[in-house]
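To start, the structure itself, in structure tokens.
The values are calculated or read from the model by the stated rules, or taken from the named source; none is laboratory data. A quick note: this is a predicted structure, and the numbers were derived from the prediction, not measured. Positions of Cβ are backbone-derived with ideal geometry, glycine not excepted, and every protein chain shown enters the neighbour counts. Side chains included, ligands, DNA and RNA excluded: accessible areas come from the protein's heavy atoms. Shrake-Rupley method; radii C 1.70, N 1.55, O 1.52, S 1.80 Å.
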Amino acid sequence: LETIHTQMYEVTVKIRRLAHELRPPLLSALGFTQAVRTHCSKFSNNSHIPIEVEIDTTFNDLPDVYGIILYRVLQEALTNIAKHAHASRIWVEFGVDDDQIRLTVQDNGIGLERGKSVSPGIGILGMKERVSLVGGELGVRSGKNGGTILEASLPLKVGITRDREIA
């Protein structure tokens, strides 16, 4: 019984930690724009890969679900670059185009093998699933001059505008 109790306690602690991690604490504490900049800065310091971040300031008040999805996709994209790309530079852009919110992450690394599609690894599958939850799309392709471009686009729903969210 004592062993079962200890194991149950450990499982409970792990479940609570996972639940807290579903919503990144930086998003709550700093807001979307500053959380992204902070994450990119920390990632750049740890990986020694410079990141240029450009965020369209006309949409500061994203719905929580959009902020979480975009933040998690960014995290996974940067992790993939560090693991596979052999990049020396990264560009991150968040913007609004017509009826889409877009995240573009581009690197100058080795890119994708010509003629081969992107291997559906767990990271890419996870990103696609997150984006599709809100009717969005995720694409990964080679850049014209090498490197890889990841683009996530989420539909700009009724009630969300470029300047503010309408209640």
* Potential extension, TYR9-THR57 segment - 0.36 nm per residue separation minus Cα distance -> 12.9 nm
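Taking the Cα centre as origin and putting +1 on Lys and Arg beta-carbons and -1 on Asp and Glu beta-carbons, what dipole magnitude results for the chain, to the nearest 20 debye?
Values: 19 positive and 20 negative charges, 89 e Å.
Once rounded to the nearest 20, the dipole reads 420 debye.
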* Asked: What percent do you get for the relative contact order of the chain when only Cα pairs under 8 Å and 6+ apart count?
  -> 21 percent
* Say R0 is 25 Å: what FRET efficiency, to the nearest 0.05, do THR38 and ILE110 get from their beta-carbon distance? -> 0.35
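Length gain on complete extension for the stretch GLU93 to LEU133, per 0.36 nm per residue less the alpha carbon to alpha carbon distance?
Taking GLU93 through LEU133 to full extension adds about 12.3 nm, to one decimal.
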* Quick one: what are the phi-derived ³J(HN,Hα) couplings along region 103-113, Karplus 6.51/-1.76/1.60 with θ = phi - 60°, whole Hz, x for glycine and proline? => 10, 10, 10, 10, 10, 10, x, 6, x, 9, 5
* **Fraction of accessible area attributable to carbon and sulfur, the chain (%, probe 1.4 Å)** => 52 percent
* To do: Could you do me a favour and compute the accessible area per residue for the chain, 1.4 Å probe, result in Å²?
  => 63 Å²
